[in-house]
Amino acid sequence: MTDATTPHGCLFCKIVKREIPAQIVYEDSACIAFRDINPQAPVHVLVVPRKHFASPGEADESDEPLLGHLHRVAAQIAQQHHLTAGHRVVMNTGATAGQTVFHVHLHVLGGRSFTWPPG
Ligand code: 5GP
Ligand code: ZN
């Protein structure tokens with residue numbers, strides 16, 4: 001049975017529902033954060049809302065607190081990992097930007113230096 005809020009087949013919805021295991025580092029009623037399976041830096045954590053959106057463009061005004069919450073959780077994760085020298089928060093949006101999982105998420109990357117502009 002399909003459910004509009006948890007689209008059939010969405011990998012991150014499955015992780016949120018604990019149908020697929022992940023190394024969870026933080027969770028609350030609105031979001032879950034877990035280690036990326038293919039880390040691009042010594043610290044690479046994904047912050048994922050429990051609510052499914054393919055991209056921020058699908059969010060409406062009532063979702064603004066949730067989108068802000070994701071950024072605050074990202075900052076807390078950086079602090080917990082002692083990324084005092086710096087870290088990068090990334091949201092890839094759309095295929096040409098590198099998005100591969102179409103459920104909104106923030107990447108929290110740290111533990112090395114990053115170049116700008118990104119590749
Ligand atoms: P995107 O490319 O959409 O910005 O980010 C998706 C991220 O999800 C990628 O960095 C990828 O390594 C990660 N990923 C894909 N499949 C899994 C999985 O099964 N478990 C975890 N923990 N991360 C995954
Ligand atoms: Zn989803």
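The values are calculated or read from the model by the stated rules, or taken from the named source; none is laboratory data. It should be emphasised that the depicted structure is a prediction, and the values quoted were computed from it without experimental measurement. Glycine gets a Cβ as well: all are built from the backbone with ideal geometry, and neighbour counts include every protein chain shown. Please note that ligands, DNA and RNA were not included when accessible areas were found on the heavy atoms of the full protein model with its side chains. Shrake-Rupley method; radii C 1.70, N 1.55, O 1.52, S 1.80 Å.
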_Using Cα-Cα distances under 8 Å and only pairs 6 or more residues apart, what relative contact order does the chain have, in percent?_
28
*Most fluctuating residue given options Ile20, Ile77, Ile32, as computed from a GNM of the chain linking Cα atoms under 10 Å*: Ile20
_Rounded accessible area per residue of the chain, 1.4 Å, Å²_ = 60
*What is the Cα coordinate range of the chain on the first, second and third principal axes, sorted by size from largest, in whole angstrom?*
46, 28, 28
*Gaussian network model of the chain, springs between alpha carbon atoms under 10 Å - residue of Leu83, Leu70, Leu106 with greatest fluctuation*: Leu83
_Once you place label points 7 Å from the Cα toward the Cβ at His71 and Phe114, how far apart are they in nm?_
1.4
*Tell me, for the chain, which Cys residues have no other cysteine's C-beta sitting closer than 4.7 Å.*
Cys31
